[in-house]
């Protein structure tokens, strides 16, 4: 049912070059730095060719315990140090409140601990990239890559817009589980928001209340990219794929050739924390950074690639945009008290109910331990929200705009840190999808094992507060309509009033990260603040690409794990084409 046998790993010593020898040990065609959401996909795709030798380096572990596959139990951003890195942001927000960044740790990265939402993003998102000059990235061009990875488990929606032959289990969750979710749909439609059964249908309106798909497979297990693309049987069979965990990449090994071109020969790495020896591996074709929007720019900066006053010397390539433009879907929530059994808190407050629900899951693959934290996404263009928080019809001649707000009904306490509760909680999360504020990633020190210094810069652009105010008002109108429809909701955690000052104070007091980091190595020309070109090649450096969400040109109006997998799929084809001769 849930694999727990030893995972087939390669030791760091076996993957590294022998000093002074030329035996081929430690020499690979491709080296992938980072075994997170994208890295696992890329390792699978590149190693399909038995003539190609691939090394995957991951700083975390291969987590294979059975609980890592149980959807509710494995959704964990805070409690398990083996599953996630957690460290304070540089800049406080509000009344000197410290925010904490969280990133996935171990094979599968964030896909092993996230809320399992599978959201591709609207076709308009990718078409905007194309209109802005990103060749090969229109929706028509990326849709085949979205479908390639997907193994859609149909419950109640058509499959024509989904892939059904891929490795990555994606599931329509069927009927909405909690009464408040069903009431929320009714409230949204009463307020003028259309309802769609599948957010990933390309025909779904941009402003909409829609059901979410989740990365849960047909056996009711969490399906991270680790589980899907690098199962132990596959890795054991592919002798050309070596996976090293506990391997911290400390720098790229760069040199200048006889023509004056800078190129990557390989990587330096060491055992995380426990061993200070520096080991090396060589890539005959290319190195690909898949370490995510925080660690990827850190590796570049450690290697002398980035803003000239921010890199670890010597400066190898001045790329001012490395580590700049950090964006995230900042969010906060208003909360209501509900009956305890209408909330996921029931498994915390009732040991008997928790035992019963766990038995239901283990025996039948159903119940609360299968249930995601939310099944709905409410995407809204804030220009359609009036001053009272109501949706106003769009003029017939006005083009639809990408949503800059996402409201999500969440069936537990969404505050950070959690407020004390004694009963169930229903939260309406308000998330900013297209922030104007821009943060940075830079080195905290020259020590590659230290987490980088990150300034989230939340709310530094006043325009973000204006959008969040509208989002809170709409959330309150939805809550009021739910009460009118008979849902038992009691105000638990709200702004003092709907005056701008009170709403702004509430946002500053409660805003948090949603762990959707991107844009720190943007895909754009160097002259336009880019780090990689349309083929994901790093400007000015040969044999180096990036394939993770750091390359996003701008933050997307969607959750990022499906786009991350698509980027890895595209990168694999780019590499295969580039080195096919």
In whole angstrom, note down how far apart the Cα centers of the stretch 91-152 and the stretch 350-422 are.
18
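Computed over the Cα atoms of the stretch 45-121, what is the convex hull's projected area averaged over all directions, in nm²?
Numbers: hull surface 32.8 nm².
Result: a mean projected hull area of 8.2 nm².
If I take all pairs of Cα atoms in the stretch 239-343, what percentage of them are more than 25 Å from each other? Could the numbers behind the result be given before it?
On the way: 2124 of 5460 pairs.
Above the 25 Å cut-off, the stretch 239-343 has 39 percent of its Cα pairs.
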To the nearest µm²/s, what D does Stokes-Einstein give for the stretch 140-265 at 25 °C and 0.890 mPa s, using the Kirkwood radius over alpha carbon pairs as Rh?
133
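With the contact rule set at Cα under 8 Å and sequence spacing of 6 or more, what percent relative contact order holds for the stretch 113-175?
Values: 75 pairs, mean separation 15.4, N = 63.
Taking the mean separation of contacting Cα pairs over the length of the stretch 113-175, I get 24 percent.
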Take peptides 410-416, 38-44, 323-329 and line them up by average Cβ neighbours within 10 Å, highest first, as a rough protection proxy.
38-44, 323-329, 410-416
q = 0.10, 0.11 Å⁻¹: log10 I(q)/I(0) that the Debye formula gives for the chain, counting C-alpha atoms only
-0.82, -1.00
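Pulled fully out, how much extra length does the chain show between residue 13 and residue 383, if you take 0.36 nm times their separation in residues and subtract their Cα-Cα distance? Before the final figure, lay out the partial values.
Details: separation 370, 0.36 × 370 = 133.20 nm, distance 5.71 nm.
Extending this stretch completely gives an extra 127.5 nm.
For the peptides 242-248, 162-168, what is the packing order when you average, over each peptide's residues, the other Cβ atoms within 10 Å and list the highest mean first?
On the way: 242-248: 23.6, 162-168: 18.6.
Result, highest mean Cβ count within 10 Å first: 242-248, 162-168.
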Which number comes out as Rg/Rh for the stretch 310-459 once both Rg and the Kirkwood Rh are worked out on C-alpha atoms?
1.11
Need the C-alpha centroid separation for the stretch 30-85 versus the stretch 429-472, integer Å.
26
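Tell me, in nm to one decimal, what length is gained between residue 422 and residue 366 on full extension, where the rule is 0.36 nm per residue of separation less the Cα-Cα distance? Kindly include the intermediate steps, with their values, before the conclusion.
Working: separation 56, 0.36 × 56 = 20.16 nm, distance 2.59 nm.
Result for the pair: 17.6 nm of gain on full extension.
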How are the alpha carbon pair distances in the stretch 487-573 distributed across 5 Å bins from zero to the largest one, expressed in percent?
3, 12, 17, 15, 11, 9, 8, 8, 7, 6, 3, 1, 0
Evaluate the distance, in nm, between pseudo-label points positioned 7 Å from the Cα of residue 580 and of residue 460 along their respective Cα→Cβ axes.
4.4
Can you give the log10 of the normalised intensity I(q)/I(0) at q = 0.27, 0.29 Å⁻¹, computed with Debye over equal Cα scatterers of the stretch 87-140?
-0.90, -0.99
Give the value in nm², to one decimal: projected area of the alpha carbon convex hull of the stretch 8-154, averaged over all directions.
14.5
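How high is the relative contact order of the stretch 1-148, in percent, counting Cα pairs under 8 Å that sit 6 or more residues apart? It would help to have the intermediate numbers written out before the result.
Numbers: 190 pairs, mean separation 27.7, N = 148.
Computed over the stretch 1-148, the figure is 19 percent.
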Taking the highest mean first, how do the peptides 110-118, 210-218, 98-106, 352-360 order by number of other beta carbon atoms within 10 angstrom per residue?
110-118, 210-218, 98-106, 352-360
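Rg over Rh of the stretch 60-101, using C-alpha atoms and the Kirkwood radius, what does it come to? Intermediate results must be reported in sequence, preceding the final value.
Numbers: Rg = 14.1 Å, Rh = 12.3 Å.
Taking Rg over the Kirkwood Rh, I get 1.14.
What is the order of 299, 385, fewest Cβ neighbours within 10 Å to most? The partial results should precede the final answer.
Values: 299 24, 385 21.
Ascending Cβ contact count within 10 Å gives the list 385, 299.
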Binned at 5 Å starting from 0, the alpha-carbon pair-distance distribution of the stretch 391-488 in whole percents comes out as 2, 9, 13, 15, 17, 14, 11, 8, 5, 3, 2, 0
For the stretch 191-269, what's the radius of gyration and Dmax over Cα atoms, in angstrom?
22.5, 67
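Return a whole-number percent for the relative contact order of the chain, with Cα pairs under 8 Å and 6 or more residues apart as the contact set.
Numbers: 1395 pairs, mean separation 115.5, N = 581.
Relative contact order comes out at 20 percent.
What percent antiparallel are the DSSP beta bridges of the chain, to the nearest 5?
About 65 percent, rounded to the nearest 5.
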Dividing the alpha-carbon radius of gyration of the stretch 414-555 by 2.2 N^0.38 Å (N being the number of residues), what value is obtained?
1.38
What is the pair-distance distribution P(r) of the stretch 288-340, computed from all Cα-Cα distances in 5 Å bins starting at 0, with each bin given as a whole percent?
4, 19, 20, 15, 9, 6, 5, 6, 5, 5, 4, 2, 0
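Taking N as the number of residues in the stretch 117-207, what value does Rg over Cα atoms divided by 2.2 N^0.38 Å take?
Details: Rg = 15.2 Å, N = 91, 2.2 N^0.38 = 12.2 Å.
It is 1.24.
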Where the eigenvalues come from the Cα gyration tensor of the stretch 357-405, what are the semi-axes √(5λ) of the equivalent ellipsoid, largest first, in whole Å?
41, 11, 8
Alpha-carbon Rg/Rh ratio, for the stretch 329-418, with Rh computed the Kirkwood way:
1.13
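I'd like the per residue volume of the convex hull spanned by the Cα atoms of the stretch 502-551, given in cubic angstrom. Before the final figure, lay out the partial values.
Details: hull volume 4.9 nm³, N = 50.
Cα-based convex hull of the stretch 502-551, divided per residue, equals 99 Å³.
The numbers here are math on the coordinates, done by the rules we state, and not lab data. Because the structure is predicted, anything quoted here is derived from the model rather than measured. When we count neighbours, we look across all protein chains shown, and the Cβ atoms used for this are built from the backbone with ideal geometry, even at glycine.
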